[in-house]
1. Carbon and sulfur together cover what percent of the accessible area of the chain at a 1.4 Å probe radius?
2. Can you list residues whose amide H is under 5 Å from Glu18's amide H, if they're 5+ apart or on another chain and H is modeled 1.01 Å from N?
3. Taking a probe of 1.4 Å, how large is the accessible area per residue of the chain, in Å²?
4. Identify which of the listed values of Rg/Rh (Cα atoms, Kirkwood Rh) was calculated from the structure shown: (i) 0.97; (ii) 0.93; (iii) 1.05.
5. Just need the relative contact order of the chain here, percent rounded to a whole number, with Cα pairs under 8 Å and 6+ apart.
6. Gln181: net charge of surrounding residues, Cβ under 9 Å, Lys/Arg +1, Asp/Glu -1, itself excluded?
7. Chymotrypsin sites (Phe, Trp or Tyr not before Pro), restricted to region 1-49: which are DSSP loop and have at most 15 other Cβ atoms within 10 Å?
8. Which of the helices in the chain meet the span-like rule: DSSP H, Cα axial reach of 15 Å or more, Kyte-Doolittle mean at least 1.6?
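The values are calculated or read from the model by the stated rules, or taken from the named source; none is laboratory data. Keep in mind the model is a prediction, meaning the values are calculated, not measured. So basically every Cβ, Gly included, is an ideal-geometry build from the backbone, and we count neighbours across all protein chains shown. Each accessible area value is taken on the protein alone, full model and side chains, heavy atoms only, with ligands, DNA and RNA left out. Shrake-Rupley method; radii C 1.70, N 1.55, O 1.52, S 1.80 Å.
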Amino acid sequence: MLFHWTAWHHGHWGRHGEPAAEAWPWLSQFSSVGALGVQLFFIISGFVILLSSFGKSPARFIGSRVGRLYPAYWVAVLATATLTFVLWPEMGSQRSPVDILANLTMFQGGLGVGHIDGVYWTLWVEMKFYLWILAFTLIGMTVGRVLVFAFAWPIVGNALYFGLHAAGQPIDWVEHVFFPQYSALFAGGMALFLLFKFGHTPLRWAALVLNAGAGSLWSARVQQAETLKLTGYDYPFWAFVAVVAGLFVVVALIVLTPLASLRVPGMTLAGQLTYPVYLLHQLWGWWLIYLLSPYLPREVVLALTLAAILGAAWLLHRWVERPLGPGLQRAVTAGVGTWPAVGRGLGRARTPAS
């Protein structure tokens with residue numbers, strides 16, 4: 001949130017086109033690297049998705065993902081469409097109302113349709129990761145297979161990417177299938193899951209170290225240029241490497257040390273709100289900043305905007321996710337299990353002995 005509100009190069013502070021980094025000259029020096037929250041999200045996703053899918057049937061995996069992601073997302077897309085086409089039409093000048101339909105599928109990234117909210121680009125990356133996990137549930141997810149995949153996925157993807165690029169061959173399909181810019185982040189989270197769930201072995205630690213290194217280097221390669229372009233700050237390459245490596249360390253400490261059993265009041269609610277906050281914060285936050293900043297001190301505007309987004313996220317969680325998510329999950333799981341020809345197979349977990 002702080003990256004998008006106080007560092008990203010929008011000009012909504014004061015309605016005078018003042019860039020966010022100029023409105024927040026001190027804070028933006030730190031919030032400008034907040035885009036690396038995406039890397040943290042992908043690391044955690046690699047861990048959590050395996051934690052929730054290991055030993056589950058394909059139908060249950062599909063149902064869990066649909067029930068978890070879609071109810072809040074549908075409401076957020078429709079609310080954001082209302083903002084961009086009705087309340088703040090200049091923000092939607094580069095979009096078409098037809099885009100709403102594609103965005104409701106959550107597959108707009110694969111359909112070549114623009115995101116109704118720019119931050120939704122990460123959902124297509126996440127969707128492709130889910131497809132890999134779905135393939136695992138279809139063939140049978142075992143510790144050995146997950147470990148091999150955690151090694152092979154980033155290695156093969158990077159070999160194809162750089163090899164084909166050097167040979168002047170198309171690499172678009174590699175980016176779509178292997179997405180090497182981010183695969184090591186997910187694979188590193190998968191390695192952390194294996195260490196957490198099944199214990200410590202040299203190979204599992206090697207998978208974590210390999211992916212932490214590859215993920216940090218790739219993230220620095222991408223984010224150094226993006227940070228300069230979007231905020232104007234030019235930080236050293238190795239600063240980004242250090243931050244992403246530090247994110248791996250933080251997640252490892254949380255899941256592999258006694259911190260895993262620590263219970264902090266409010267953290268469950270904070271975790272529940274992260275997805276609704278993600279869905280709502282950028283455009284709605286900019287709009288509130290645009291409306292309020294001409295009349296109130298910037299610190300007050302920032303605090304009010306934060307409170308409003310957190311409040312809206314809680315409402316989305318309380319009145320959409322909680323009542324609709326579990327029922328949709330059960331319905332999709334049951335529905336997938338009744339598909340002609342393939343339903344019985346999708347409804348049965350495959351757990352080979354090795």
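1. Result for the chain: 70 percent of the exposed heavy-atom area is carbon or sulfur.
2. So Glu18 has HN proximity to Trp13.
3. Computed with neighbouring chains in place, this is 47 Å² per residue.
4. Label (i) holds the value from this structure.
5. Working: 438 pairs, mean separation 103.3, N = 354.
For the chain, the relative contact order is 29 percent.
6. Summing Lys and Arg as +1 and Asp and Glu as -1 gives 0.
7. Trp26
8. Sorted by number, the helices that extend far enough and score high enough are 37-53, 237-256, 298-316.
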